[in-house]
Each structure stands twice: as structure tokens, then as C-alpha cells.
Amino acid sequence: MLFSEIMTKIPQSHRAGLWREYRILCNALVLRIREKKQGIAPSETDLLPLRTAARRANEILQEQGYDPFFDPDAPDFLPSLLAELDAIAAEKQTETD
């Protein structure tokens, strides 16, 4: 199940917080573009807000009875996050086609 699908199952009062963290997590896309265009790999300082947002998102999910979704301490955190964001974008594209 995609993160975006889980978000729709969260009560509205908590969904706003989850949405806020999701918007922060989307900054991973900017880091990927910067790396491709400028050759600047994301630093740990760049990843810190993403890791923090992932932890907060996991906390909200757990409060609502869902398993944590992201592993902000995993060595492949950024590639996993980007894969999830790409899957969400592909799903949204399929919905509009």
C-alpha cells in the first residue's frame, strides 16, 4: 500500500499533520533534481529534515494503529523515499489517464 493510500485512511484531524510531513518528504525530489543537474549529492544536513519528517509521520501512523512506513535510519532511506514518491506520482498519473 502506498503512503498516499494510508493517508486517506487517517482521520482528518490527524491527516493534516501527516500531510505536513508528506510535503516535507517531497523535498527529496528537489534533492534528486539538484544531484542530476548540478552533481551535488545530498548531504546529511539536507537529509535531516526528511528524516525528522519521516519520524513524525511514523509517529502519527502508529498513533492511528498503522505500522511505521519509513525507516529514516536505514542506509537506503533516500532511495526508498524517492521510490515511494515515484510510485505515488505514477499512481496519480494512472488515475488521471
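The values are calculated or read from the model by the stated rules, or taken from the named source; none is laboratory data. Everything quoted here is computed from the prediction, not taken from an experiment. Because the Cβ atoms are built from the backbone with ideal geometry, glycine has one as well, and the counts that use them run over all protein chains shown. Protein only, heavy atoms only, side chains kept; ligands, DNA and RNA dropped before computing areas. Shrake-Rupley method; radii C 1.70, N 1.55, O 1.52, S 1.80 Å.
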*When the stretch 69-78 is examined, which residues are found to be open to solvent by 30 Å² or more (accessible area, probe 1.4 Å), free of Cβ contacts under 8 Å to residues at least 24 places away in the same chain and under 11 Å from the mean Cα position of the chain (by Cα)?*
Asp71
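Would you check if there is a residue in the stretch 53-68 being without any contact (Cβ under 8 Å) to a residue 12 or more places away in the chain and hydrophobic (A, V, I, L, M, F, W, C)? Spell out how you get there, then give the answer.
So the first thing to find is which residues in the stretch 53-68 are without any contact (Cβ under 8 Å) to a residue 12 or more places away in the chain, and the list is 59, 62, 65, 67-68.
Imposing the further condition that a residue be hydrophobic (A, V, I, L, M, F, W, C) reduces the set to none.
Scanning the stretch 53-68 turns up no residue that is without any contact (Cβ under 8 Å) to a residue 12 or more places away in the chain and hydrophobic (A, V, I, L, M, F, W, C).
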*Does the stretch 36-47 contain at least one residue that is open to solvent by 50 Å² or more (accessible area, probe 1.4 Å), more than 11 Å from the chain's Cα centre (by Cα) and among the hydrophobic types (A, V, I, L, M, F, W, C)?*
yes
*What is the residue count in the stretch 9-23 for residues that are surrounded by 17 or more Cβ atoms within 10 Å (Cβ to Cβ), under 13 Å from the mean Cα position of the chain (by Cα) and among the hydrophobic types (A, V, I, L, M, F, W, C)?*
1
